[in-house]
Amino acid sequence: MQTQDYQALDRAHHLHPFTDFKALGEEGSRVVTHAEGVYIHDSEGNRILDGMAGLWCVNLGYGRRELVEAATAQLEQLPYYNSFFKTTHPPAVRLAERLCHLAPAHINHVFFTGSGSEANDTVLRMVRRYWALKGRPDKQWVIGRENGYHGSTVAGMSLGGMAPMHGQGGPCVPGIAHIRQPYWFGEGQAMSPEAFGRACAAALEDKILELGEDKVAAFIAEPVQGAGGAIMPPESYWPAVKAVLAKYDILLVADEVICGFGRLGEWFGSQHYGLEPDLMPIAKGLSSGYLPIGGVLVGDRVAETLVEEGGEFFHGFTYSGHPVCAAVALRNLELLEAEGVVDRVREDLGPYLAERWASLADHPIVGEARSLGLMGALELVVDKTSGQRFDKSLGAGNLCRDLCFENGLVMRSVGDTMIIAPPLVIRREDIDELVELARRALDETARRLMHAPHRQEEPTA
Ligand code: PXG
């Protein structure tokens, strides 16, 4: 089949996630056919540097034989069995043990799911169950953040703070509230980053008092917001949030679906910020995306109550701890460990990316270049000194993303924020290439937009 044949069938039958179906049908999808290392290849013969590790997940890069062999061996041995009704199987047991070994010392249990969204559905049920068992069934509210992302199931999107998602197919799950995000570049520049971080934590306390200080079960947040725009909070933010949660005895859920498994140079993003979460939803990098698997890592406080006082927890999925997915995840963790990938991100690749990425800050349409570990963002602006954004109608971010793709780089856009999160096995020379390709796309974006009429947004009052 040729590209056009795939596109015609795709248009006729395939409804893509997060997609304007009609617009895609008119344009035609890009057909990705194979991949190797940090590169994907399309049906037109283009080789493209994957600056997004698929969708923040292919941490070990493409084409790892070891993962293929782990899957094949397990498919032959036991392709499926469940872990309901008092049964288990070796891959689930071994993966559970390995995960708890890698997790912080106070985390010794895991509940498996098929995805990050299912992990967050599990979180919502588990925190409410925990407080009910503690004799405090009034502690029901969960606080999330505007522009946070926790998945696309009904509970996942309700916990997340993506307004366009809330606007479709509602109403959301009751008992979930949101507070402002610690996005200094976008919302906090009237203050110093440190003062802004504290103000965002104060918003958490205000919300708790508004809902009732005895009524809040948990706070859920990504250590660094991923889908919201690679937003690293000011250093003052997490310590202040932790203090508020301790004051009102509220559980912390650190959503590690993106930050986990080395992205920020630690096994879990929580460790970078010194968080001690009660629950950590995981997915994506757990299997480097080779097969779908997720879970919730459960700290001792919650686990002991569920185990000792719980009786049956009426929750679970057909594919909870799927043996083939678990075998691949286990092998993935072994390889990340054996190859020292996480340490290399922290000690070498993260600092190297930080230095090279920061070099883009001098570009005329870049208002900020930030990174942590192997996650980076660029803020596109029409005027560097004022930080003024391009007029929304110009779609600067999407234009830049499309130009990247045409020039051999996957860089994602969230509004006018450009994002990278490459495979963790990227080498220094690939980072050089990535930065070079990004600069070329910025040049071309600037060339096209600087001549466009209405290039800047009307200042708001
Ligand atoms: N939590 C976080 C922090 C995520 O980033 C999920 C939960 C849900 O995981 P599943 O496996 O159910 O998709 C995610 C997923 C994007 C993008 O465009 C990000 C995600 C998914 C799809 C697109 O950045 N993150």
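Could you give each residue of the stretch 52-68 its phi-based ³J(HN,Hα) in whole Hz, using Karplus coefficients 6.51, -1.76, 1.60 with θ = phi - 60°, and x for Gly or Pro?
Along the stretch 52-68, the couplings run 10, 6, x, 10, 6, 10, 7, 4, 8, x, 8, x, 7, 4, 4, 6, 5 Hz.
May I have the extent of the alpha carbons of the chain along their three principal axes, as whole Å values ordered from largest to smallest?
Computed over the Cα atoms, the extents are 66, 57, 46 Å.
Give the aspartates and glutamates reachable from residue 86 as a straight Cα distance under 12 Å; neighbours fewer than 8 places away on the same chain don't count.
Residue 86 reaches 312.
Tell me what the chain gives for mean residue ellipticity at 222 nm when only DSSP H runs of n ≥ 4 count, each as -39,500 (n - 2.57), the sum divided by the residue total, rounded to 500 deg cm²/dmol.
Values: 18 runs with 187 residues, N = 461.
Value at 222 nm, helices only, nearest 500: -12000 deg cm²/dmol.
Of the beta bridges DSSP finds with both residues in the chain, what % are antiparallel, to the nearest 5?
70
Between residue 162 and residue 393, what's the calculated FRET efficiency when r is the beta-carbon distance and R0 is 25 Å? Round to 0.05. All intermediate terms of the calculation are to be shown ahead of the outcome.
Working: r = 21 Å, r/R0 = 0.85.
That gives a FRET efficiency of 0.70.
What is the ratio of the Cα radius of gyration of the stretch 276-342 to 2.2 N^0.38 Å, with N the residue count, to two decimals?
1.31
Please list, in chain and number order, the residues 5+ apart from residue 110 or on another chain whose amide H is under 5 Å from its amide H, with Hs placed from the backbone.
Amide H neighbours of residue 110: 298.
If you take the Cα Rg of the stretch 66-338 and divide it by 2.2 N^0.38 Å, with N the number of residues, what do you get?
Dividing the Cα Rg of the stretch 66-338 by 2.2 N^0.38 Å gives 0.99.
For 139, 207, 242, what's the largest-to-smallest order of accessible area, 1.4 Å probe?
242, 207, 139
If you roll a 1.4 Å probe over the chain with all protein chains in place, what percent of the accessible area is carbon or sulfur?
Carbon with sulfur: 53 percent of the solvent-accessible area.
Determine how many Å³ per residue the convex hull of the Cα atoms of the stretch 7-102 encloses.
Residue-normalised Cα hull volume stands at 186 Å³.
At 1.4 Å probe size, with no ligands or nucleic acids counted, give the accessible surface of residue 145 in Å², nearest ten.
10
Between residue 86 and residue 132, how high is the FRET efficiency from 1/(1 + (r/R0)^6) when r is the Cβ-Cβ distance and R₀ = 30 Å? Nearest 0.05.
Working from the Cβ atoms, E equals 0.80.
Residue by residue through the stretch 317-330, what is 3J(HN,Hα) from phi via Karplus (6.51 cos²θ - 1.76 cosθ + 1.60, θ = phi - 60°)? Round to whole Hz and write x for glycine and proline.
Once θ is set to phi - 60°, the couplings for the stretch 317-330 become 10, 3, 9, 4, x, 2, x, 6, 5, 5, 5, 5, 4, 4 Hz.
What is the set of long-range amide H partners of residue 368 at a cut-off below 5 Å, with H atoms built 1.01 Å from backbone N?
Those qualifying (amide H under 5 Å, at least 5 residues apart or on another chain) are 379.
Please enumerate, by chain and number, the lysines with C-alpha under 16 Å from the C-alpha of residue 242, excluding those fewer than 8 residues away in the same chain.
Correct list for residue 242: 207.
Given Cβ point charges of +1 (Lys, Arg) and -1 (Asp, Glu) and nothing else, what value in debye, to the nearest 20, does the dipole of the chain about its Cα centre take?
Using Cβ point charges on Lys, Arg, Asp and Glu, the chain gives about 540 debye.
Please give me the summed charge of the neighbours of residue 298: other residues whose Cβ is under 11 Å from its Cβ, Lys and Arg +1, Asp and Glu -1.
-2
D for the stretch 32-176, whole µm²/s, Stokes-Einstein with Kirkwood Rh over alpha-carbon pairs at 10 °C and 1.306 mPa s: what number?
84
With point charges of +1 on the Cβ of Lys and Arg and -1 on the Cβ of Asp and Glu, referenced to the Cα centre of the chain, which listed residue (40, 191, 373) lies farthest in the positive direction of the dipole?
191
Cα centroids of the stretch 306-338 and the stretch 89-168: how far apart, whole angstrom?
13
Run down the aspartates and glutamates and flag those whose C-alpha is under 19 Å from the C-alpha of residue 215, throwing out any fewer than 8 positions away in its chain.
138, 205, 206, 249, 278
As an exercise, use a Förster radius of 22 Å and the Cβ-Cβ distance of residue 338 and residue 78 to find the FRET efficiency, rounded to the nearest 0.05.
The calculated FRET efficiency here is 0.35.
If amide H atoms are built 1.01 Å from N in the plane of the peptide, which residues on other chains or at least 5 residues away come under 5 Å of the amide H of residue 179?
It is 144, 145, 146, by chain and number.
What is the gain in length, in nm to one decimal, between residue 312 and residue 15 on full extension, counting 0.36 nm per residue of separation less the C-alpha to C-alpha distance?
Length gained between residue 312 and residue 15: 103.1 nm.
Which net charge results for the neighbourhood of residue 385, defined as the other residues with beta-carbon distances under 14 angstrom from its beta-carbon, given Lys and Arg at +1 and Asp and Glu at -1?
Residues close to residue 385 contribute a combined charge of -2.
Of all the stretches in the chain, which is the longest one without any exposed loop site, taking chymotrypsin sites (Phe, Trp or Tyr not before Pro) in a DSSP loop (any state but H, G, I, E, B) with at most 12 other Cβ atoms within 10 Å?
No qualifying site falls inside 86-313, the longest such stretch.
Kindly report the accessible area of the chain per residue (heavy atoms of protein chains, probe 1.4 Å, no ligands, DNA or RNA), in Å².
Here the residues of the chain average 44 Å² of exposed surface.
The values are calculated or read from the model by the stated rules, or taken from the named source; none is laboratory data. Not measured: the values here are computed from a predicted model. Cβ sites come from the backbone with ideal geometry, for glycine too, and all protein chains shown count toward neighbours. For accessibility, only protein heavy atoms count, side chains too; no ligands or nucleic acids. Shrake-Rupley method; radii C 1.70, N 1.55, O 1.52, S 1.80 Å.
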